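What follows is one structure encoded as structure tokens, with my remarks underneath.
The values are calculated or read from the model by the stated rules, or taken from the named source; none is laboratory data. Predicted, not measured: the structure shown is a model, and the values here were computed from it. Neighbour counts are summed over all protein chains in view; Cβ atoms, including those assigned to glycine, are modelled from backbone coordinates with ideal geometry. Calculation scope for accessible area: heavy atoms of the full protein, side chains included, ligands and nucleic acids excluded. Shrake-Rupley method; radii C 1.70, N 1.55, O 1.52, S 1.80 Å.
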Amino acid sequence: QRQSMCNAAHLPSKGKGSDSKGSGAPKWQRNASLRQLYRFASKTDRWQMVAGVSAVVVSGANQPLQLVVFGQLLDSFNLTDKSEVQRRIFFLAGMYAALGVQQLITISIQTACFTTVAARQSLRMRAAYFAALARRPLSFFDGADAGGLASSVLEKTTAVQAGLGDDLAQL
């Protein structure tokens, strides 16, 4: 299954293998599903993705909490007792700062997890693509530019790495 992505040439096919969904695009140009993109993931990568997604959930829950704390901070100005106002403002400002620190930590964790997994995936994809190229007959390389093949592999795996890394974490 890992080799199926790599067996297609980087050049467009001449009408063969068009998309069965009626888009008219060749199979090699179809967008891959998220499951297909992570087929090169190891067990460690999957656990890192679980940690990254958990950090995303905690980070997402943090944002409404910041709004609640900020709203309570503004409401505390309506109290009549000055000492109570000061006490609540200090407490809620501390809570808001703690939520900010927690947000910084969870965003750092999610970015680190997604970026590390994306880099590993990209490395495995490059290795599989080069292995597929090594199995090609020598006549295949007669019509192809050697620098073009290498730059095509690098360009495509870099795009996948960017999509699986920070871009997916920011979703």
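Tell me yes or no: at least one residue of segment 68-90 is modelled with pLDDT under 90, closer than 23 Å to Leu149 by Cα and touching a helix residue (DSSP H, G or I) at 6+ places or on another chain (Cβ under 6 Å).
Scanning segment 68-90 turns up no residue that is modelled with pLDDT under 90, closer than 23 Å to Leu149 by Cα and touching a helix residue (DSSP H, G or I) at 6+ places or on another chain (Cβ under 6 Å).
Applying the selection to segment 92-103, what residues are touching a residue at least 40 places away in the same chain (Cβ under 8 Å) and surrounded by fewer than 11 Cβ atoms within 10 Å (Cβ to Cβ)?
none
Out of all the residues in segment 65-91, which are open to solvent by less than 100 Å² (accessible area, probe 1.4 Å) and within 34 Å of the chain's Cα centre (by Cα)?
Matches in segment 65-91: Leu65, Gln66, Val68, Val69, Phe70, Gly71.
What pairs come up if the first residue lies in segment 31-58 and is charged (D, E, K, R) and surrounded by fewer than 15 Cβ atoms within 10 Å (Cβ to Cβ), the second is part of a helix (DSSP H, G or I) and modelled with pLDDT under 85, and their beta carbons are under 9 Å apart, counting only those six or more places apart or on different chains?
Short answer, once both residue conditions are applied: Arg46/Tyr38.
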